[in-house]
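This report refers to the structure that appears directly beneath it.
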Amino acid sequence: MIEQSDESLDRKKKNPPKMFAGWWTVISAGVTGFWGAGYYHYGFGALLKPISSDLGISHARTVIPTSIGRLRGGIEGPLTGWISDRYGPRLITAIGVFMFGLSLMLMQYVNSTWSLVLIWGIMLGTSSNLYTTPINTALANWFVKKRGLAMAIKRTLDGLSGVLVLPLIIWLIDVSDWRTACIIGGVVMWLVPLPLVIFGVKRHRPEYYGFYPDGARSSETVDDTSQMLRKGAKYATEVAEIEFTIRQAMSTPTFWLLLVAGGCNYLAFPLINVFGIDFLEDIGYDRYWAGKMMAMMVAVSLLPRLISGYFSDRVSRNRMRFIMASAYTFQALGFGIYLLYQTTRMLYTWLILNGIGMGISYALFAPLRARYYGRKAFGSIHGIQEALMTPMGFVAPIYVGWVWDNTGSYLPAFKLVTILLFVAAVVMAFTKAPKPPARITDVTQLA
């Protein structure tokens, strides 16, 4: 386990910071997510057609790298989460951000399917997971009563990339080419997010630095790190948060129900983020207008992210499942309405409903997991669940691309996604908070 000198506690008492260090973590995570998600999650939708045309390959083959990236993330997820829990998130996050920038710059050398798979699928996919899991772990560690708000701010900045970075990528492609757009993305990743991560993300929990989560202060003087950790765990119990080990979490039905609900949503995610612009172009909108419509959908999701994060800190953990279920229902209704009435008005209705549902679910899934299982093994639990959802994330983009290649339409995939989102809503509604484990282990014991 991490060892930290008790001298750090003394330094913090003598020189208390003007702003709680956890908020610097939020800023670092938000800026990193803003630029990284802009390219990795939203940007590939803009890059899909130019890359496919330039390399002369089908849609299904073009999206193979996104599937490979999800597969790589699933393979390394448990290890990344364990390292974050054991040794802290800062170093591995910085490595991930550095690799992400390098991978984008190397996109200029892509000239075949295999080089695309190597750079976007393996390198970029690996680096994205290297910074995503640890930075979520850092947020979960530094906040308890304000965790929903902290994570919602980070998720909102992620979403803002779909409003600002996605149109920028489209513009860069049009005035230069997709390779230049990727190079610029990599350079910016090195110049802004990387320094923020190095200086803004702390190695350990706040207790190692003499703080309680959320920046809460104690009237008692604590000089021992182990004692501070236990007091931090006691502070978390004020919101009924219990510290589970990895094995204890995996032995609960809740762990597997979360996996099913999240997996169904995982299958729906690429249909919009990867193929949304291409779908809108297919039904008659030009690239700029399609990009604006996708940006509008993401913009609609921003306020629900903040609101749901704010309220998640104020509702019991057992009620959070109903908010998540409503999010999946919004998304399913949006798809279903457009399938029934394929008009311009219903197209906008679908984008708005999907934006609302996507915003809520994206902002709440990580705080829900933390409220259910605590901070101690959050990174490991997050990594294992992501790994188990990997097959769905791997298959989804290839399946949707295959549907388009063979039918010339995305509507058959829409039908399957609608059903899966309704299933996710029902499952989530029955995913109760787990019962406390029979034996509460020491706060430093992960397994």
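Here are a few things to note about the model shown:
- Residue within segment 379-387 that is under 21 Å from Ile153 (Cα atoms) and of a type in the set (A, V, I, L, M, F, W, C) present: no
- Subset of segment 191-219 [basic (Lys, Arg) and without any contact (Cβ under 8 Å) to a residue 12 or more places away in the chain]: Arg217
- Candidates in segment 111-132 are the residues that are at pLDDT below 90 and β-branched (Val, Ile, Thr); of these, the one that is farthest from Thr32 (Cα to Cα) is Thr113.
- Summed over segment 141-158, the residues that are buried (at least 24 other Cβ atoms within 10 Å of the Cβ), in a helix (DSSP H, G or I) and not acidic (Asp, Glu) give a count of 9.
- Every residue from segment 239-296 that is surrounded by fewer than 22 Cβ atoms within 10 Å (Cβ to Cβ) and of a type in the set (Ser, Thr, Tyr): Ser251, Thr252, Thr254, Tyr285, Tyr288
- Consider segment 107-140 and keep the residues that are farther than 19 Å from Phe394 by Cβ and free of Cβ contacts under 8 Å to residues at least 24 places away in the same chain. The one that is surrounded by the fewest Cβ atoms within 10 Å (Cβ to Cβ) is Tyr109.
- Selection status of Gly101, modelled with pLDDT of 90 or more and of a type in the set (Gly, Ala, Ser): yes
- Here Val163 clears all of (1) part of a helix (DSSP H, G or I); (2) at pLDDT 85 or above; (3) more than 18 Å from the chain's Cα centre (by Cα) except the condition numbered (3).
- Test for Lys154: is it over 30 Å from Ala290 (Cβ atoms) and among the charged types (D, E, K, R): no
- Hey, Ile173 surrounded by fewer than 24 Cβ atoms within 10 Å (Cβ to Cβ), within 14 Å of the chain's Cα centre (by Cα) and of a type outside the set (Lys, Arg) or not: no
- Some residue of segment 306-314 being closer than 22 Å to Pro412 by Cβ, out of contact with any Pro (no Cβ under 9 Å at 6 or more places or on another chain) and hydroxyl-bearing (Ser, Thr, Tyr): no
- Top-ranked residue of segment 51-60 - restricted to ones that are surrounded by fewer than 18 Cβ atoms within 10 Å (Cβ to Cβ) and touching a residue at least 60 places away in the same chain (Cβ under 8 Å), ranked as nearest to the chain's Cα centre (by Cα): Ser58
- Residue in segment 282-290 that is over 28 Å from Val395 (Cα atoms) and in contact (Cβ under 8 Å) with a residue 12 or more places away in the chain present: yes
- Among the residues of segment 325-347, those identified as in contact with a Phe, Trp or Tyr (Cβ under 7 Å, 6 or more places away or on another chain) and of a type in the set (A, V, I, L, M, F, W, C) are Ala332, Phe335, Ile337, Leu339, Met346, Leu347.
- Listing of helices (runs of 4 or more DSSP H) fully contained in segment 244-329 that carry 3 or more residues being farther than 21 Å from Leu416 by Cβ and not aromatic (Phe, Trp, Tyr): 246-250, 253-273, 287-312
- Hey, Thr80 crowded, with 21+ Cβ neighbours inside 10 Å, β-branched (Val, Ile, Thr) and out of contact with any strand residue (DSSP E or B) (no Cβ under 7 Å at 6 or more places or on another chain) or not: yes
The values are calculated or read from the model by the stated rules, or taken from the named source; none is laboratory data. Since the structure is predicted, the reported quantities are computational estimates derived from the model, not experimental observations. A quick note on method: Cβ atoms are made from the backbone with ideal geometry, for glycine too, and the neighbour counts reach across all protein chains shown.
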